Each structure stands twice: as structure tokens, then as C-alpha cells.
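Just below is one structure, and these are the notes that go with it.
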Amino acid sequence: MVTVVSGLINVLIIAIYATVAMMIGILFMGIGRKIVARVHNRVGPPIYQGFIDIAKLILKKTNITHGWIYDLALLFSITGIVLTILFLPIGGVKLLSTEGDAFLVLYLLAIPALGFALGAGASGNPNSAIGVMRALVMMLSYELPFVISMVALMIYYDTTSIAEIVASQYGKWAILIPPFAISAAVADMALQGMLMEAPFDIPIAPHEIASGPMAEFGGKHLGSLMIYKAGTIVAYTTLFVDLFLGGGVVMKGGIVADVVNFIVWFILIFLVFTLSLLINTSFPRFRIEQAFKFYWKYEAVLAIIALVWVYWMVIS
Amino acid sequence: MKAKEIIGRGEEVHGRLYVKVEKQEVRELIKTLKENKFQHFVMLSCIDWIDDGEFELVYHLWSYEYREHVMISTRIKREGEEMESLHDLFPQIETYEREIKEMYGVNFIGNERLTPFFLEGWPHMPPMRKDFDSKKFIKDVFESIPPVEDEDEGI
Amino acid sequence: MKYEEWSKISRIASKKSLWILHFCTGCGAIEMPPVMTSRFDMERFGMAPMATPRQADVLLITGYLTVKTLKRVIQVYEQMQDPKYVVAFGSCPINGGMYWDSYNTINQLDKYLPVDLYLAGCMPRPEGIINAMMELMEMIEKGEARGWEKYRKNYEKYKKNQEMAFKFGKVEE
């Protein structure tokens, strides 16, 4: 009986946790539009615009479907992103944990993107097919420099657990160690690709391929897609903050420390997201082969330099 | 004008060379001009001279070297006369001929692509002919379509 | 929760987030960039341009329509998801405007599609567009913009009218 109750409580906590994360993501989408508008010297929508948009889409009267793969692929994406968020420490607190979860997170991050690709492929729109192809090439491109940066961290802190990486950074963030400044710069550009912000908004390019994978989405499906997008914002920025900015942990012990850490985490992911938006508003779009070349030629080389430097620091 | 030296005929109108010819001579003239650096075929236009019972076809050519404009004009009867297609000289003539066939009903022998172009499923006479009564057509076609009235005024 | 309250929430959400699909057929398209950019900024009302009909709520028809374009407009309209609104922009979709006696301009758009809001002018200024959109928002909140229901209800009549236009009046009874 006690195990059942505690299990239910755990489920409840996880549900609240995931919901809060999604809410933060949706809020960030609104804030993001506001920031972009201010950069364009416009007023911009209210910051709660994301909630209105999603409510409107969910409440649409007709929802055209393109078969069960199209319906389920979105669930697949949202599940993947929720699972990723649960495996990431937020303000030092995490709900699910295993040994070597840095690798697990890397795998989990591929699931939502694949689900998205599956749904877009099932919609049968040629623009979607082009967009999915571009999205997969982008994934292949940004993962190499990102993984190399992560490996550098793993070597330095001698662990494959993100929680331990976060714990080791208490008092001294990784980004303050010279080689990891390079790694962080590399990972930030990879983050730009993950969030599909310019100059790497190649897969969704609305002016070229009519928003690519999303071309056939509407109504509830597009609403779910926006929730998924909100989840990716939280997941990817949290991953970056956990790896390089100490996960927002500034205090230890007690419920007060948890609250403070949570606030610091919120500010940090907001800063990372804002940086990504400022890059987004300042640059035009790459072509897909330029993006590929950028990641594999320049970013990967920088990441390897940082890796060698870290290795040299560790053995000497 | 250089064009006048090349073909040895025509008169200058507003800085352009205007040549009136018979329809059999058009091909030879355009060929000569093309070989003498009049490499840009600008357009083919058609005028309906309904009182004379004739269509006037005007071929416009331009030279980048001499910066001169040549208009070669020929007249054919409105009814029962056809023009030879010249799309082997400049490929773009094919499209102009297609348009004129659609809008005026002039037939071009040798052009195999005279299919409907702008007007989809057009059942009447070519609309740019001057005897096409546009206002009557509007009245018969678009104004005769009834507006959709809803019985239930609530919607 | 009662249906009425629920549909009211849905209408308010719909009103505050109008996603527009521009069907840029005529000269009206040139008035849209100022409305979107920093001078007039329609995004402050939650309006945003969309790339495909599936995502959009408002079909903005900017300019005259020929019979050939009408076929495409109807395809686009039928791809959109309910609730959807049509805004006829400029004089041409109202009565043909300066092209009223052309052989190929369908003069009144609302014989073929249910138009929720007309925006007169040749061309309407960006202020006019913003004003029209505010008007549309009010209509949505009051539940007056119900062209999509009218289209569903009178589908047969609309189809018949569309067929007559496509065949230029030569339809067999």
C-alpha cells in the first residue's frame, strides 16, 4: 500500500514537473517573439501569446489527419522530449537517473527529432520531405561537434553522469576553465542548430519550402507540435546550462537552496535562449551544405582542439 | 539608322524603324536582322483593325550593339487567313503566338503548341477581338450568377 | 463546463491569435509588408503571416480574381481548417473595381466563397488593414464571423455558382 501511494506521488511529481517545464517553454516562445520584435524595432505580441496560440490551435473545429503514423508521431516526439527533460538535472534536482546518462540523453535527444520527421513524412507533402531531409542532415552536422565537446567534459570530470558533471562544477563553472570556453562556444552554435534558429533554420525555412516539415500540420496537430517545440527549448537550453554553467546550482541543502537554484537555473536558460535569439535575428539563413561545412570543418576542429587541450590538462 | 542600312527599307517613327511588309517577307527580314546583331526578339503584338477587316501583327526586335528598335508590321485578313509560325528563328515566338491564338484567334501554321494558355475552358470567341462585347459577356456570365442567400438569417 | 462558455473561450483564443494566409493575386500584396514590419506591426495583436493554408485562420485575398485564380483560391480555402475567415481586400473582390468589365474578372467574390469582411479602397492603407482586422476580431468575439458555417451549410449552392463561373456561363442544366 505504501509503495503504491509513494509510486503515485512520484508519478504526480513527474507530471507536474513535465507540465511546468512545458509551460516555461511556451512562455519562452512568447518572450522570444517579444525579443525578436524589439530587435526589429516593433512592439511585438504579449509574452503570453504562446498560450493563446496553442489554445486556439487545440480548440480548432476540424483537424485533418493523414493516417495514424501522422497522429502518433507527435505523441512520440512529445514523449521523447519529456523523457529528456526528466533525465536532465534542473537546478541540481533530477527525477530520473542512471549511470552514464550523458549518453542516454544524447540518444533521447534523437527520438523527438525522429518522431517529428516521421509525422512530417507521413503527411506526404513534398515540402515536408525536403524539410525532413534537411533536418536529418542538420542533426548529423551539429551532433559531431556537440558530442566532442561533451566528451571533453566527461574526460575532465572523469564521469559520464550529467548529475555528477553538474555537482563537480559547484563553485567553478566549466565555462571558466579556458578549454571549455572553446567547447561552450562550439556547443552554443550546435544549440543554435538544435533549436532551429537562424542561421540554421534551414529545415523550417518558411520562405523557401513553406515551413518544411510543418507544411501539412494544422489544428490540434500543430498545437502539439508547438508544445513539442516548447519542450525542445527547455531541454536543449537546460542541457547547455547543465554542461557548462553548473546547472544553476549556487546553494546546497534545504528547500530554500532548491528554490534559489531553480531561479538561477531559470535565469541562466533564459540568458542562453536570449543569446540564441539575438544570433537568430542578426543572421540570414545558411544553405544546408554551408551549415554542414560550418559544423564539420570549423566547429569540429575547434571542438577537437579543446578536447586535446583538456586531455593534456588531465594527464599533466 | 543601322537597321535601315541592313534591310534597305522602312521609315523612322519616334526613333524606331517601322517596316511594312507582306506576310511572306517577314521570315526573310527577321532572319537578316538576326544575322546582323538584332539578337533580341522583344515581342509579337497584334492589333485588330476591325474596320479594315484585318489583323496587324507587329514583330519587335532590338539590338544591343546599335541600340535600335525595329518593328516589322504585316497585315492579314481577319477571317480565313493564317500566318506562318516563326518559332524556329526565336524560340520565344512560340509563346507569343500561343497568346495571340488565344486572344485573337489567329492561326499560326507550324506551331504545334497552340493550346489554351491563360483562359482555362474558354467557350466563347477570343476575347480581345473588337467584336467581342465585353459588357454583354459580363452581364450574361458573371452577373447572372445568383448570390448565395441563406434561408436562416442567424448565420 | 457548458458548451456556450467553452465556445466563448475558443472564440477569444481565436480572436487573439489570427494567423493570416496572404493570397496575393493583385496589387494589394504591396500593402502587406508595411503592416507586418516596424511601422504598423500587426504582430502586437497576435496576427502573424503563415506559410501554408493548413496553419492559417484568415484567408486574405488581396486584389482581383480571374476565373483561373478563383479555382486556386477555392482549393486553398477548402484546405484551411475550421473556423476560418475570408477577408476580401480592396475594391476588386467587392464588385470588380476598375476591372469590372474585363472578360475574365469574377466581379463579386461572395458568390463563390463566403466573405466575412470587406475592406474597401484601391488600395486600402495599412491603417485600414489594421482597422479591418480589429473589426474582424470583434466579429469573431461576438460570433458573427461565421462564413465557414455558411459555406458548409450552402455547399451545394456555392459549388453550383463556382461551376457556372468555371464554365463561363455555359453550364448544362
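So, counting K/R as plus one and D/E as minus one, what does the shell of residues with Cβ under 12 Å around B:Ile72 add up to? Mind dumping the intermediate values first?
On the way: positive: B:Arg9, B:Arg16, B:Lys20, B:Lys23, B:Arg27, B:Lys31, B:Lys34, B:Arg75; negative: B:Glu22, B:Glu25, B:Glu28, B:Glu56.
Net local charge, B:Ile72 excluded: +4.
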Checklist line | P(r) weight above 34 Å for the protein assembly as shown, C-alpha pairs, percent | finding: 59
Check: Nearest-5 percent of antiparallel DSSP beta bridges in the protein assembly as shown?
Finding: 55
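Quick check on the protein assembly as shown: helices-only [θ] at 222 nm, where DSSP H runs of length 4 and up contribute -39,500 (n - 2.57) each and the sum goes over total residues. Nearest 500, please. Write out the running numbers ahead of the final one.
Working: 23 runs with 335 residues, N = 644.
Calculated from helices alone, the mean residue ellipticity at 222 nm is -17000 deg cm²/dmol.
Starting with the fewest neighbours, write out C:Cys27, B:Cys46 ranked by other beta-carbon atoms found within 10 Å of each beta-carbon. Walk me through the intermediate numbers first.
Working: C:Cys27 14, B:Cys46 21.
In increasing order of surrounding Cβ atoms, one gets C:Cys27, B:Cys46.
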Check: For the residues A:Phe286, A:Phe200, A:Phe240, what sequence is obtained by ranking on other C-beta atoms within 10 Å, fewest first?
Finding: A:Phe286, A:Phe240, A:Phe200
Notebook entry, point to check: Of the residues B:Lys135, B:Lys77, B:Lys34, which exhibits the maximal mean-square fluctuation in a Gaussian network model of chain B defined by a 10 Å Cα contact cut-off?
Noted result: B:Lys135
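Which entries in the list A:Lys229/C:Lys16; B:Lys139/C:Lys142; A:Lys293/C:Lys16; A:Lys220/C:Lys68 go over 30 Å, if you measure between the two C-alpha atoms of each? List each step's numbers first, then the result.
Values: A:Lys229/C:Lys16 21 Å; B:Lys139/C:Lys142 37 Å; A:Lys293/C:Lys16 42 Å; A:Lys220/C:Lys68 32 Å.
Over 30 Å apart, Cα to Cα: B:Lys139/C:Lys142; A:Lys293/C:Lys16; A:Lys220/C:Lys68.
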Next item on the list: Quote the Stokes-Einstein diffusion coefficient, in whole µm² s⁻¹, for segment A:2-315, based on the Kirkwood radius over alpha carbon pairs, a temperature of 10 °C and a viscosity of 1.306 mPa s.
Entry: 79
Checklist line | Acute angle (nearest 10 degrees) that the helix B:26-35 long axis makes with the longest principal axis of chain B, alpha-carbon atoms | finding: 60
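Based on the Cβ-Cβ distance from A:Thr281 to A:Ala110, what FRET efficiency comes out when R0 is 30 Å, to the nearest 0.05?
Details: r = 28 Å, r/R0 = 0.94.
The pair A:Thr281/A:Ala110 has a calculated efficiency of 0.60.
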Margin query: Just to confirm the number: angle between the C-alpha axis of helix B:93-104 and the first principal axis of chain B, 0 to 90 degrees, nearest 10?
Written below: 40
Checklist line | B:Thr115, C:Thr25, A:Thr160 arranged by Cβ crowding within 10 Å, fewest neighbours leading | finding: B:Thr115, A:Thr160, C:Thr25
Notebook entry, point to check: Which net charge results when you count Lys and Arg as +1 and Asp and Glu as -1 among the other residues whose beta-carbon is under 14 Å from that of A:Tyr156?
Noted result: -1
Item checked: Inter-site label distance for C:Cys27 and A:Ala181 at 7 Å from Cα along Cβ, in nm -> 5.9
Item checked: Rounded to 5, percent antiparallel among DSSP beta bridges of segment C:41-173 -> 10
Check: Which whole-number percent of Cα pairs in segment A:83-148 have a distance greater than 16 Å?
Finding: 56
Next item on the list: Name the helices (complete DSSP H segments) of chain A with a Cα length along the long axis of 18 Å or more and a Kyte-Doolittle mean of at least 0.5, or state none.
Entry: A:2-39, A:68-87, A:101-123, A:126-157, A:178-194, A:219-244, A:254-282, A:300-315
Checklist line | Volume of the Cα convex hull of segment C:3-166, divided per residue and given in Å³ | finding: 100
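What average count of beta carbons from other chains do you get within 10 Å of the Cβ of residues in C:38-51? Walk me through the intermediate numbers first.
Working: counts 5, 2, 1, 7, 2, 10, 8, 4, 7, 1, 4, 1, 6, 12.
Whole-number average of other-chain Cβ neighbours for C:38-51 is 5.
Only the coordinates and a few stated rules stand behind these numbers; no lab work does. No experiment lies behind these values; they were computed from the predicted model shown. Because the Cβ atoms are built from the backbone with ideal geometry, glycine has one as well, and the counts that use them run over all protein chains shown.
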